[in-house]
Amino acid sequence: MIETGLQGKVVIVTGAAAGIGRATATRFSMEGCRVAAWDVAECRGCAPEWLSQRVDVRDSARVEEAVAEVMAHYGRIDVLVNNAGILRDGMLVKHKDGAVVSTMSDEAFDTVLNVNLRGAFVCTRAVAPRMMEGGGGVILNASSVVGLYGNFGQTNYVASKAGVIGMTKTLARELGRHNIRVNAVAPGLIATDILNAMPEKALDGMRQHTPLGRLGRPEEIAEAYVWLASSSASFVTGAVLSVDGGIVTGT
């Protein structure tokens, strides 16, 4: 196995109860990391050695409290993976037969921005001082290929993921002097529970638009996070790594 320099590191993964977050927490654990798994839901079936915490990333007070719990349990924080995210898809204005049928609600827009973008901000703000005290660290943010190129029916989601990219680049500039690297991963179509629940015909269309001819696996995104956190990526910061099977090329 290639030496990653991650043995014994303390890693917080948000949205760790399922999907990409669960795969990411598992992969870091395989590297010998000490994992704090955060989610609004109970982390059922999570590894018993993980520190499982109920955390709503929108709640600044709870995030600060959870960070203090990690520090009390492990004594340091080396990696933060801001993975928590939600979808509330819909057209900005749906127009049919000469009339407006529906519009995206304030709630749908604000809820997605608050979890996907504000949540990453709140967690990073809480963790960064601890990393400074510890001599450095790595912050990894979940963006999406749609944050780079846009997508029909996802005004709120795209805005949140584009915002994550802008925040990643800014924080890389601000925190680099403290030996903290900040990068983003932009997944393409990944076979999570949400996607797998779609009709097979829709999934086939997605596969056909992907040059590699398949959906990605959560474990493949986890590998990207592990590489970015590892010593192999020690001079990489402010980057956005697309892990999408070439889907942008295929559109």
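Tabulated results
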read-out	value
Subset of the range 79-121 that is closer than 21 Å to A36 by Cβ and surrounded by fewer than 22 Cβ atoms within 10 Å (Cβ to Cβ) - its residue that is nearest to the chain's Cα centre (by Cα)	I86
Output for the range 7-22, where each listed residue is out of contact with any Ser or Thr (no Cβ under 6 Å at 6 or more places or on another chain) and outside any helix (DSSP H, G or I)	Q7, G8, K9, V10, V11, I12, T14, G15, A16, A17, A18
The listed residue being within 18 Å of the chain's Cα centre (by Cα), surrounded by fewer than 20 Cβ atoms within 10 Å (Cβ to Cβ) and at pLDDT 95 or above, out of R76, R62, R58	R58
Those residues of the range 228-251 which are surrounded by 15 or more Cβ atoms within 10 Å (Cβ to Cβ), out of contact with any Pro (no Cβ under 9 Å at 6 or more places or on another chain) and at pLDDT below 95, in sequence order	V248
Enumeration of residues in the range 120-140 that are farther than 12 Å from V57 by Cβ and either basic (K, R) or in contact (Cβ under 8 Å) with a residue 24 or more places away in the chain (or both)	A128, R130, M131, M132, G134, G135, G136, G137, V138, I139, L140
Test set (1) under 13 Å from the mean Cα position of the chain (by Cα); (2) at pLDDT 95 or above - V145 fails condition number	(2)
Helices (runs of 4 or more DSSP H) completely within the range 175-251 that count 2 or more residues being under 20 Å from I165 (Cα atoms) and among the small types (G, A, S)	218-229
Matching residues, the range 199-227, being out of contact with any Lys or Arg (no Cβ under 8 Å at 6 or more places or on another chain), surrounded by 13 or more Cβ atoms within 10 Å (Cβ to Cβ) and either of a type in the set (A, V, I, L, M) or within 30 Å of E31 (Cα to Cα) (or both)	L203, M206, L212, G216, R217, E220, I221, A224, W227
The range 141-173 - residue that is part of a helix (DSSP H, G or I), of a type in the set (G, A, S) and free of Cβ contacts under 8 Å to residues at least 40 places away in the same chain and, of those, surrounded by the most Cβ atoms within 10 Å (Cβ to Cβ)	G147
Residue match in the range 196-205 (condition: over 27 Å from I139 (Cβ atoms), modelled with pLDDT under 95, hydrophobic (A, V, I, L, M, F, W, C) and under 21 Å from the mean Cα position of the chain (by Cα))	yes
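The values are calculated or read from the model by the stated rules, or taken from the named source; none is laboratory data. In this text the structure is predicted, and so the values were computed from the model without any measurement. For neighbour counting, all protein chains shown are included, and Cβ atoms are generated from backbone atoms with ideal geometry for every residue, glycine included.
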